[in-house]
1. What chymotrypsin sites (Phe, Trp or Tyr not before Pro) does the stretch 168-246 have in DSSP loop regions with at most 15 other beta carbons within 10 Å?
2. Once the principal axes of the Cα atoms of the stretch 117-192 are found, what is the range along each, listed largest first in whole angstroms?
3. Strictly over 19 Å apart at the Cα level, which of Lys24/Lys158; Lys6/Lys214; Lys6/Lys166; Lys166/Lys214; Lys6/Lys132 would you flag in this model?
4. What's the center-to-center distance, using Cα atoms, between the stretch 26-47 and the stretch 150-213 in Å?
5. From the cross-link list Lys44/Lys130; Lys44/Lys200; Lys75/Lys130, which pairs have alpha carbons spaced over 20 Å apart?
6. Between Glu145, Glu188, Glu202, find the one with the highest GNM mean-square fluctuation for the chain; connect C-alpha pairs within less than 10 Å.
7. Solvent-accessible area per residue for the stretch 7-239 at a 1.4 Å probe radius, Å²?
8. With a ≥ b ≥ c taken as the square roots of the eigenvalues of the C-alpha gyration tensor of the stretch 150-246, please select rounded if a/c is under 1.5 and otherwise prolate if a/b is larger than b/c or oblate if it is not?
Amino acid sequence: MSLTGKVALVTGASRGIGRAVALKLAAEGAALVVTATSLERAQKTADEITVIGGRALAVKVNVAIIAEVEALFSKVVETFGRLDILVNNAGITRDGLLMRMKEADWNEVIDVNLTGTFTCTREAVKLMVKSKGGRIVNISSVVGEMGNAGQANYCASKAGVIGFSKAVAREYAKRNITVNAITPGFIETDMTGVLSDSVKEELLKQIPAGRFGKPDDIANAVYFLVSEMGSYITGHVLAINGGMHM
Ligand code: NAI
């Protein structure tokens, strides 16, 4: 298995894309740090990894709280002594039209999606510089590239993740750390499950592939980027959207 001996941390890995990524990296041999906002739910994914013969540590973390992120990385060092792969996946939406958007909804989305990515990356890079290499994948969104009415906060956070990824990629390329962003289109998870059938029908019309994506479509791409195959790819934004945006 190509990731044997590597340690990977996936934020927001209790369900959806994060869970699929954690399971894929574990199946390829990595030891996993599985985080979610509930320990019980993080533990569920960790247990699934144990069942397939992997090693996993479950940690409860709100990535918007810097002290919790710092405590998470202390636990990573205590348990594994190193970190090779970070996947910043935790994300939320608080949709609403701009004129009615509450400051709290703006701040919460920026704090989790963008600031959470910043703090986790900052802590991870400290460890990766020490071990002379690493891989970081940030989960952005197609709407960070094309915009979406009713999601000014979310689009701003996800566009921010793209700029952030490119800056950090430039800063750490010489340190053998790659940093890439993935921009998923419409992926079937709890986040999109709340949309009405009519909205889903309209969305489907905009997808040339004629289907929504699956969490595994993203997990496979993350694996490619963090494996040896992705060693010369950095600062890239990988669209996985069935042709929805080109
Ligand atoms: P989801 O809602 O199914 O899962 C989100 C995960 O993030 C959960 O594990 C949750 O516990 C965790 N989380 C939420 N707030 C957190 C916080 N403050 N601290 C730590 N963890 C937190 O979402 P889904 O669909 O799996 O999305 C994963 C990522 O992919 C998100 O960043 C999302 O914005 C992005 N994305 C999803 C798309 C989709 O169509 N589902 C499309 C484009 C991007």
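1. On the way: sites: Tyr172, Phe186, Phe212, Tyr223, Phe224, Tyr232; in loops: Phe186, Phe212, Tyr232.
Those that pass, being in a loop and sparsely packed, are Tyr232.
2. Result, largest extent first: 42, 23, 17 Å.
3. On the way: Lys24/Lys158 24 Å; Lys6/Lys214 25 Å; Lys6/Lys166 24 Å; Lys166/Lys214 26 Å; Lys6/Lys132 13 Å.
In this structure, Lys24/Lys158; Lys6/Lys214; Lys6/Lys166; Lys166/Lys214 lie more than 19 Å apart at Cα.
4. Comparing the Cα centres of the stretch 26-47 and the stretch 150-213, I get a distance of 22 Å.
5. Working: Lys44/Lys130 31 Å; Lys44/Lys200 29 Å; Lys75/Lys130 17 Å.
Those over the limit are Lys44/Lys130; Lys44/Lys200.
6. Glu202
7. Heavy-atom SASA per residue in the stretch 7-239 reads 47 Å².
8. prolate
The values are calculated or read from the model by the stated rules, or taken from the named source; none is laboratory data. Model, not experiment: these values are computed from the prediction. With ideal geometry, Cβ positions are generated from the backbone for all residues, glycine too; neighbour counts draw on all protein chains shown. With ligands, DNA and RNA removed, areas are computed over all heavy atoms of the protein, side chains included. Shrake-Rupley method; radii C 1.70, N 1.55, O 1.52, S 1.80 Å.
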